[in-house]
Amino acid sequence: MKTSHTSFDGLDLLSSAVVILDAASRITYANAAAENLLESSFKALSQQKLSKLFLNGAHLDQVFQEAVQHRFADKRLDLALERPSREPLLVHVIVTALDNPETPVLIELRENVQQLKLDREERMLDQSQANKELIRNLAHEIKNPLGGIRGAAQLLELELPERHLKELREYTQVIIKEADRLQTLVDRLLAPHRRPHIVGDVNIHEVCERVRSLIVAEFPTGLTIKRDYDLSVPEFRGDKEQLIQAVLNIAHNAAQALSEQIKAGDAVITFQTRVARQVTLAKVRYRLALDLHIIDNGPGIPPDIRDRIFYPLVSGKDGGSGLGLTLAQTFVQQHLGVIECESRPGCTDFRILIPLP
């Protein structure tokens, strides 16, 4: 007799994915969360073997057999279930042996959010390191020819015939000015690697207040900067100037993105500080961490660059250098921290996490 799907309807209220298997390990029930997680309807999943949904499902078969043989009441394990043409599904699996020969096994799958976060941070760190090496090498390769181009343009200007000096000098000045512009860009690319890391006691609220005063000076009307501070956040050792620059780069980007809201007079940027507990950063566990949020009510980051905002030279605004967030990330990483971002229309939240003593 087949299991009635309606007899388990209460499981649809669970946020974790639940599937029930028959004696042949075929799916006889899948709740709504399982349909979402497996990206398939119950009608499509019904009577399929759960293990066959994944390229490396053999381990699920083995655990199923152990459950059927009542070698355990329940078993927990973390798996990376590989799927065709999609990212692996990182899940915490709970396998429960049921006292029913027709449906002997219940499997609960919970997305392993912590593992996903660790993998994302690891990819970000690897990408950041590759970016820094690329930037350093490119900047040095560009720097030397730029000096030669500028010098040659200056010498050429001195040799211009008097009768054509005015019209031809316009061209040499274009060369000189563009060379200077590129030199400034190269200097900005190299700046984080040149400046020494000056460590002292840092009060994050002094950092936020300094940034607030700079933003208010540039955007005196139409923009409200709210403070939501946890005054129990302790001081920590760090480079105050680097952290001011990191927070300023994020807040300044937010203010620029709020141009329409500033015109309407309802632009808001919020600085929020909290203490996070038991935080894992770059695979290291810390008891306490600074949890700083810089939140704006702007239009959100364009979807086409959302996954690349920390890459150098990627900008969402016309005329932007695309270096502000790259430098912010570099400075925060030098404090063993990370920057995370969540964005949707009406709310963009940059979160800075830095270990605390």
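List, in the order given, every pair from Lys75/Lys283; Lys166/Lys263; Lys43/Lys283; Lys143/Lys283 whose Cα-Cα distance in the structure shown is over 32 Å. Write out the running numbers ahead of the final one.
Values: Lys75/Lys283 26 Å; Lys166/Lys263 43 Å; Lys43/Lys283 40 Å; Lys143/Lys283 37 Å.
The answer is Lys166/Lys263; Lys43/Lys283; Lys143/Lys283.
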Subject >> Using θ = phi - 60° and Karplus 6.51 cos²θ - 1.76 cosθ + 1.60, couplings along segment 329-339 (whole Hz; Gly, Pro as x) >> reply: 4, 4, 5, 5, 5, 5, 9, 6, x, 9, 10
Original post:
According to a simple spin-label model (label point 7 Å from Cα along Cα-to-Cβ), what is the distance in nm between Lys226 and Glu82?
Top reply: 4.7
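Tally Lys and Arg at +1 and Asp and Glu at -1 over the other residues with C-beta under 12 Å from the C-beta of Asn297: what net charge comes out?
On the way: positive: Lys226, Arg344; negative: Glu260, Asp266, Asp296, Asp349.
Spelling it out: positives minus negatives among the neighbours equals -2.
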Original post:
Out of residues 5 or more away from Leu89 or on other chains, whose amide H comes under 5 Å of its own, with H placed 1.01 Å from N in the peptide plane?
Top reply: Leu81, Glu82, Arg83
Original post:
Could you give the nm distance between label points at Asp180 and Asp201, where each point is 7 Å from its Cα heading toward the beta carbon?
Top reply: 4.4
Subject >> Amide H partners (placed H, <5 Å) of Asp239, local residues excluded >> reply: Gly200
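Here, each number is a calculation from the coordinates, and none is a lab measurement. Note that the structure is predicted; figures quoted are calculated from it, not measured. Note that each Cβ is placed from the backbone with ideal geometry, even for glycine, and that neighbours are counted across all protein chains shown.
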